Every structure is written in structure tokens, then in C-alpha cells.
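Taking it in order: structure first as C-alpha cells, then the write-up.
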Amino acid sequence: MPIQEWSDQIWVVQLGDEPAFSDELRPLIDGLLSRETTPSIVVDLSDVAQINSSNLSQLLRLRKTMTEHDASLRLAGPTDAVWSVFIMTGLDKVFHFAENTSTALAELQIAG
């Protein structure tokens, strides 16, 4: 999983499709817990073709970690299939979404 430290306060995480997705978020979350300060994170979902309950659980865990550390999380560029899962589960109201990574980065910079 490529993690780009876009700045000291913002990281961009590029997720791949299954099976990589399942293995990528756990180390990220564990790594965040060991840091003194938590950066805001943009999770780029543009390469994810399908999402399952395990993936959703990991994203919810990441969201919880980010909330506990007063950091922002944006999910960027979900495909239509992935977006429909978020809508059907009601999680479209739980996460903050952006059309693409550039928009998510701009939103985080403005929110400062």
C-alpha cells in the first residue's frame, strides 16, 4: 500500500483491490496508534472495484482511530460499485467523501 506523506499533517493512502485491501489498512491503523501526532488521511479508493464487510469494518476502525486522535479522514474517488455499498449500508452518512484525491486534499487544507 503506497502511503504518500503529502505534508507533515496529511497522508494519502492508495488502496488496491482485494486481496490487498484487506491487508493494507491494519498496519496503517497500528502505525497511527504509535505516533505522537496523527496526520489527516485521504484514502484513495479509485482502484477498489469491490468492497466487503471486512473492508468496511477496517475503514470504520480507521475512522474511530482518526476521531479519537482529532484527525480528519476523507475517502476519495470511490467507484460506482463501491459507492453503492456505502449508500446501501448507510455509511455514506458516516464518512466524508471527495470526488477525487485532489479535492480531498484541498478540503483538508482549507479546513486546516
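The values are calculated or read from the model by the stated rules, or taken from the named source; none is laboratory data. Bear in mind that the values here come from a model prediction, so they are computed numbers and not experimental data. Here the Cβ is made from the backbone with ideal geometry for all residues, glycine too, and neighbour counts use every protein chain on show. The accessibility values were calculated without ligands, DNA or RNA, using every heavy atom of the protein model including side chains. Shrake-Rupley method; radii C 1.70, N 1.55, O 1.52, S 1.80 Å.
Going by what's in this entry, would Ser46 be described as small (Gly, Ala, Ser) and in a helix (DSSP H, G or I)? It is false that Ser46 is small (Gly, Ala, Ser) and in a helix (DSSP H, G or I). Here the stretch 80-112 is the region considered, the condition is being part of a loop (DSSP other than H, G, I, E, B) and touching a Leu at 6+ places or on another chain (Cβ under 7 Å), and the residue that is least open to solvent (accessible area, probe 1.4 Å) is Phe95.
Across the stretch 53-112, the number of residues qualifying as touching a residue at least 24 places away in the same chain (Cβ under 8 Å), closer than 21 Å to Trp11 by Cβ and among the small types (Gly, Ala, Ser) comes to 7. The set of residues in the stretch 64-79 that are under 24 Å from Leu33 (Cα atoms), of a type outside the set (A, V, I, L, M, F, W, C) and not in a helix (DSSP H, G or I) comprises His69, Asp70, Ser72, Arg74. Gln50 falls short on exactly one of the conditions (1) closer than 18 Å to Met66 by Cα; (2) free of Cβ contacts under 8 Å to residues at least 60 places away in the same chain; (3) not aromatic (Phe, Trp, Tyr), and that condition is (1).
Please go through the stretch 33-48 and pick out each residue that is of a type outside the set (D, E, K, R) and surrounded by 13 or more Cβ atoms within 10 Å (Cβ to Cβ). Please lay out each step first, then the result.
Start the filter on the stretch 33-48 by keeping residues that are of a type outside the set (D, E, K, R), which leaves 33-34, 37-43, 45-46, 48.
Scanning the stretch 33-48 gives Thr38, Pro39, Ser40, Ile41, Val42, Val43, Leu45, Ser46, Val48.
The residues on offer are Asp44, Asp80, and the sole one that is farther than 24 Å from Gly31 by Cα, of a type in the set (Asp, Glu) and at pLDDT 95 or above is Asp80. Please verify whether the stretch 27-43 includes one or more residues that are part of a helix (DSSP H, G or I), hydroxyl-bearing (Ser, Thr, Tyr) and touching a residue at least 12 places away in the same chain (Cβ under 8 Å). No, because not a single residue in the stretch 27-43 is part of a helix (DSSP H, G or I), hydroxyl-bearing (Ser, Thr, Tyr) and touching a residue at least 12 places away in the same chain (Cβ under 8 Å).
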